[in-house]
1. Please state which of the following conditions Y319 fails to meet, knowing it meets all the rest: (1) in a helix (DSSP H, G or I); (2) closer than 30 Å to L191 by Cα; (3) not small (G, A, S).
2. So which residues in region 126-169 are in a helix (DSSP H, G or I) and out of contact with any strand residue (DSSP E or B) (no Cβ under 7 Å at 6 or more places or on another chain)?
3. Being out of contact with any helix residue (DSSP H, G or I) (no Cβ under 9 Å at 6 or more places or on another chain), open to solvent by 60 Å² or more (accessible area, probe 1.4 Å) and modelled with pLDDT of 80 or more narrows it down to one residue among K135, K93, K98, K104; which is it?
4. Scan region 124-143 and give yes if some residue there is closer than 23 Å to T383 by Cβ, aromatic (F, W, Y) and touching an Asp or Glu at 6+ places or on another chain (Cβ under 8 Å), otherwise no.
5. Pick from region 250-266 the residues that are under 23 Å from the mean Cα position of the chain (by Cα) and charged (D, E, K, R): which of them is surrounded by the fewest Cβ atoms within 10 Å (Cβ to Cβ)?
6. Can you name every residue in region 154-165 that is on the phi < 0 side of the Ramachandran plot and buried (at least 21 other Cβ atoms within 10 Å of the Cβ)?
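The values are calculated or read from the model by the stated rules, or taken from the named source; none is laboratory data. Note that the structure is a prediction, hence the values are computed from the model and not measured. Cβ: placed from backbone, ideal geometry, glycine included. Neighbour counts: every protein chain shown. Heads up: the accessible areas ignore ligands, DNA and RNA and are worked out on the full protein's heavy atoms, side chains in. Shrake-Rupley method; radii C 1.70, N 1.55, O 1.52, S 1.80 Å.
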Amino acid sequence: MVKRAAMLSVSLFFSYSSSSHLLFLSKTLTKRTCFSSLSTMSINLNAHAFAGNPIRSKTPKAHDPLSPSSAFQSLKTHLLQNPETTSLPPPPKSPLFKVLPFRKGRPLASSSITGNNDDDVPIWHLGWISLPDCKSFLGKCGVDLTEDSLVYLGSKVEDDVVYWAVDVSGESRLVPELGDKQFCFVELRTLMVATDWSDSIAMGELAIAGHARALLEWHNLSRFCGHCGEKTIPKEAGRRKQCSNESCKKRIYPRVDPVVIMLVIDRENDRALLGRQSRFVPRMWSCLAGFIEPGESLEEAVRRETYEEAGIEVGEVVYHSSQPWPVGPSSIPCQLMVGFFAYAKSLEINVDKEELEDAQWHSREVVRKALAVAEYKKAQKTTAAKVDQMCKGVEKGRSLSADFNVESGELTPMFFPGPFAIAHHLISTWANQGVPTDGVEASSKQPSSSISNL
């Protein structure tokens, strides 16, 4: 699918660069003597990055005060309230409302260090602000906060809190105002790399930010009805939209773009097929991937994309897991990555140069060694420190390209996306099959589809 190759290369293979620095998860590399330690570190996750959102696991019933409809009515009461001019009774104190501002797809964030040691790693947090503070900040910029500008994200019953998101991209004066309070709008992809994947709270905040960004970007894309061209209006606290044309009233729901991502395996020769996009940083390899076309099954999409990109025919297709991916281009607000192991029926590679720069078979041993030396944890800490500097207004421009080295100073021959990406888990699950762990031989059967193996 050449028509979407450019977008896919950005959103699926997890490379990110700017004029002053390169952010990517594979950083300084070091020697390891035991492969099983990496397997434990990178695979033992409860859920993928951006999954496991703690505030939207269950949608409350309509009569519940924390439900979208009830919370929206209470929100309107709060926004109408002006202590200086109104004679209306005060709004209810319960539930509490917290708002997460976004600017150009970037959530508001802060950072803190809990310990007193020099080697303590900063931890980023979402920049939740109270509804009155949000109203006040925007008011100073001459903007009235309305109920239709806020999008319902979810709630926490135990805290009696409802969470909302708001897009403030047009209000540049907010940046210094919030910066004085050591808040900063940070790229979601940067926060993803800075997240400690062993910290369930941090992973939950990342999932919230991903959900919020996907909804807000979808709202920006769906301002007009695709049927009649009239303006759309938010409904159900921003969870859907509807055409304002009385003769149309078309309902519009948030968009999700399904993508298959697959590790193609040569069973006979114990190899895996990995590809490179031209936009990749040097020595980076990843799984093949592609958008699902209308009228085809997931398995058919795996076989078609593999043949189109690499000329390899695929037989058996085994499901592994799925991952929401809200950090692609704004034109694709949220992709759903559906991961598979695909078993090759042919072995001769014929690369479509419009889709891939290169594709090669790599032995399990080579892949396992590349995983074993990758210091993903150090990369996470480096990026967390960068976020801390950004929030404190003292970010120092630097290039992280030098961090793609081994201890000897030589460049590592290859590396893969880090634990924030489903590609990493497809590759590491296959590579670490049969690796002894605590003296016990791992199962030699085909990779399992259970999320517990992540």
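1. (1)
2. Selection gives P132, D133, K135, S136, F137, L138, G139, K140, E147, V157, E158, D159.
3. Of K135, K93, K98, K104, the one residue that is out of contact with any helix residue (DSSP H, G or I) (no Cβ under 9 Å at 6 or more places or on another chain), open to solvent by 60 Å² or more (accessible area, probe 1.4 Å) and modelled with pLDDT of 80 or more is K104.
4. Step one: of region 124-143, the residues closer than 23 Å to T383 by Cβ are 124-128.
Among the residues that remain, those that are also aromatic (F, W, Y) are: 124, 128.
Going one step further and asking which of them are touching an Asp or Glu at 6+ places or on another chain (Cβ under 8 Å), we end up with 124.
Checking region 124-143: at least one residue is closer than 23 Å to T383 by Cβ, aromatic (F, W, Y) and touching an Asp or Glu at 6+ places or on another chain (Cβ under 8 Å).
5. So, considering only residues that are under 23 Å from the mean Cα position of the chain (by Cα) and charged (D, E, K, R), the one surrounded by the fewest Cβ atoms within 10 Å (Cβ to Cβ) is R255.
6. Taking region 154-165 first, the residues on the phi < 0 side of the Ramachandran plot are 155-159, 161-165.
Result: S155, V162, Y163, W164, A165.
Yes/no per residue for (1) open to solvent by 30 Å² or more (accessible area, probe 1.4 Å); (2) closer than 18 Å to I427 by Cα; (3) part of a helix (DSSP H, G or I):
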site: R304; (1), (2), (3): yes, no, yes
site: V327; (1), (2), (3): no, no, no
site: S331; (1), (2), (3): yes, no, no
site: G339; (1), (2), (3): no, yes, no
site: L347; (1), (2), (3): yes, no, no
site: A359; (1), (2), (3): no, yes, no
site: H362; (1), (2), (3): no, yes, no
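Residue-by-condition table, conditions (1) open to solvent by less than 40 Å² (accessible area, probe 1.4 Å); (2) modelled with pLDDT under 95; (3) closer than 20 Å to Y376 by Cβ:
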residue: D199; (1), (2), (3): no, yes, yes
residue: G210; (1), (2), (3): yes, no, yes
residue: L215; (1), (2), (3): yes, no, no
residue: F224; (1), (2), (3): no, no, no
residue: N245; (1), (2), (3): no, no, no
residue: C248; (1), (2), (3): yes, no, no
residue: E268; (1), (2), (3): no, no, no
residue: G275; (1), (2), (3): yes, no, no
residue: S297; (1), (2), (3): no, no, no
